[in-house]
Amino acid sequence: MSKTKTGANAQFTSAGKGLTVIGKHCYGYSGLVEVEGSEKECLLFQTGKEYIVGDAQICYFQTGETDNIKFMISFNNIEVQTVQITDSTAYTPYEKIKLIIPPLTLVKITGKNVSSGGTRDIGVSFTGRVYSG
């Protein structure tokens, strides 16, 4: 699921669920994702033979909303981290979530509106460095 780009001209062309690797660095930007009362994927990617050290950053795009948004991070379908934003009136960016992602790991970061069924706009970004074992 990871895309590999090389060279200085490997430009960003779109947001999506995947991970892009440029040399020894990687990134994934979900862009705006609309969530309601059910869990929805923001990022979904499979790591290669290397491990990754990086930061996930969650975002509540809307302002003035009081719905609680829950973000879940799982490795190989095992939940390893959960964060909840209590409303969008708090400032962003929120604290980064530091992660070490093992080799050959399916990474899934999802969001869910746990307050109501209303549609809210969220996003997730991940930036990191790729290390060979």
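The values are calculated or read from the model by the stated rules, or taken from the named source; none is laboratory data. What you see is a predicted model; the values in this text were computed from it and never measured. Methodologically, a virtual Cβ is constructed for each residue, glycine included, from the backbone with ideal geometry; neighbour enumeration extends over all protein chains shown.
Data for the structure
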{"quantity": "Candidate set from the stretch 80-108 (those that are among the charged types (D, E, K, R) and at pLDDT 85 or above); member that is surrounded by the most Cβ atoms within 10 Å (Cβ to Cβ)", "calculated": "Lys108"}
{"quantity": "Filtered residues of the stretch 115-133 (kept if touching a residue at least 60 places away in the same chain (Cβ under 8 Å) and over 30 Å from Ile22 (Cβ atoms))", "calculated": "Ser116, Gly117, Gly118, Thr119, Arg120"}
{"quantity": "Failed criterion for Gln46 (all others in (1) polar (S, T, N, Q); (2) surrounded by 15 or more Cβ atoms within 10 Å (Cβ to Cβ); (3) within 26 Å of Ile22 (Cα to Cα) hold)", "calculated": "(2)"}
{"quantity": "Selected residue (criterion: nearest to the chain's Cα centre (by Cα)) from residues of the stretch 95-113 that are closer than 16 Å to Phe61 by Cα and of a type outside the set (D, E, K, R)", "calculated": "Thr110"}
{"quantity": "Count - residues of the stretch 55-102 that are hydroxyl-bearing (Ser, Thr, Tyr) and either closer than 18 Å to Glu41 by Cβ or assigned to a strand (DSSP E or B) (or both)", "calculated": "3"}
{"quantity": "Residue tally, condition exposed (fewer than 14 other Cβ atoms within 10 Å of the Cβ) and polar (S, T, N, Q), over the stretch 109-133", "calculated": "3"}
{"quantity": "Among residues of the stretch 23-43, those that are farther than 20 Å from Ile122 by Cβ and either free of Cβ contacts under 8 Å to residues at least 12 places away in the same chain or surrounded by fewer than 16 Cβ atoms within 10 Å (Cβ to Cβ) (or both), counted", "calculated": "3"}
